[in-house]
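S.K.: Below are the structure tokens for one structure; questions will follow.
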Amino acid sequence: MKRAAVLLLAGVAGLAACDEPEQKQIPAPATPVVTSTAAPVELKAGEVVLDFPADEADVKRCEIFRGRAALPADKTILIGVRNKDNGNPERYFGLVTDWEYPKDLATWTGPQWFGDKDSAAGQSFRVEILIIDLKLATKLNKETKVDGWHSRENPQGTTVAAHVDLNRVKGSGPADCS
């Protein structure tokens, strides 16, 4: 008991001798920590949201786009991209994964390519997330299988749900793009 009292008094005396408490450096976590427990905001009927990548982000040869949607059974999602720097007015289109099943697109992904190898590094791209009629998407997807889906304009009747401008850097991108 006496020993505990002596240790306690020594500790108190040691604290009294310090002008300021010792401050420890806590390293930042390697990855961001999510502290919010709030439920995600429910989307309105017909709404499509792009969650990734952010506007003005760097992208490599390919990127996997991610988002959320609340689509009716007769609509789907199309990704359109245009190089802003090379003078080519063409827009290149690709449907998101599982585009044939609009009810399954509550969370969606879709790959998009930005040039061949590193040929487009240093250039800027405009990407639009489009809502398109499912029947039209099916028709245009079949018609463009050989030469690829591209046009100077977005397909007739599409709605731009979101858009971002992206900067192409060197590299191939995620393994999921293969």
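The values are calculated or read from the model by the stated rules, or taken from the named source; none is laboratory data. The model shown is predicted, which means the values in this text are computed figures rather than measured ones. Heads up, the Cβs are rebuilt from the backbone with ideal geometry, glycines too, and the neighbour counts pull from every protein chain shown. Calculation scope for accessible area: heavy atoms of the full protein, side chains included, ligands and nucleic acids excluded. Shrake-Rupley method; radii C 1.70, N 1.55, O 1.52, S 1.80 Å.
S.K.: Provide the descending list of Cα extents for region 48-177 along its principal axes, expressed in whole angstroms.
M.R.: Reported extents, whole Å, longest axis first: 39, 27, 23.
S.K.: Same structure again: With a Förster radius of 30 Å, plug the Cβ-Cβ distance of S151 and E42 into 1/(1 + (r/R0)^6) and report the FRET value to the nearest 0.05.
M.R.: Result of the calculation: an efficiency of 0.30.
S.K.: Further, regarding this structure: Need the list of lysines near K44 for cross-linking: C-alpha distance under 30 angstrom, and skip anything on the same chain fewer than eight residues off.
M.R.: Within reach: K75, K103, K135, K139.
S.K.: Let me ask something else about it. Evaluate the Kirkwood expression for the hydrodynamic radius of region 106-146, namely the inverse of the mean inverse distance over all pairs of different C-alpha atoms, and round to one decimal in Å. Walk me through the intermediate numbers first.
M.R.: Numbers: mean 1/r = 0.0758 Å⁻¹.
Taking the inverse mean of 1/r over all distinct Cα pairs, region 106-146 comes out at 13.2 Å.
S.K.: Just grab the label-to-label distance for N167 and K117, each label 7 Å out from Cα along the Cβ direction, in nm (one decimal).
M.R.: Going from the N167 label point to the K117 one covers 2.4 nm.
S.K.: For the peptides 52-64, 149-161, what is the packing order when you average, over each peptide's residues, the other Cβ atoms within 10 Å and list the highest mean first?
M.R.: 52-64, 149-161
S.K.: Then there's this: Might you tell me the accessible area per residue for region 47-145, computed with a 1.4 Å probe and given in Å²?
M.R.: Dividing the accessible area of region 47-145 by its residue count gives 50 Å².
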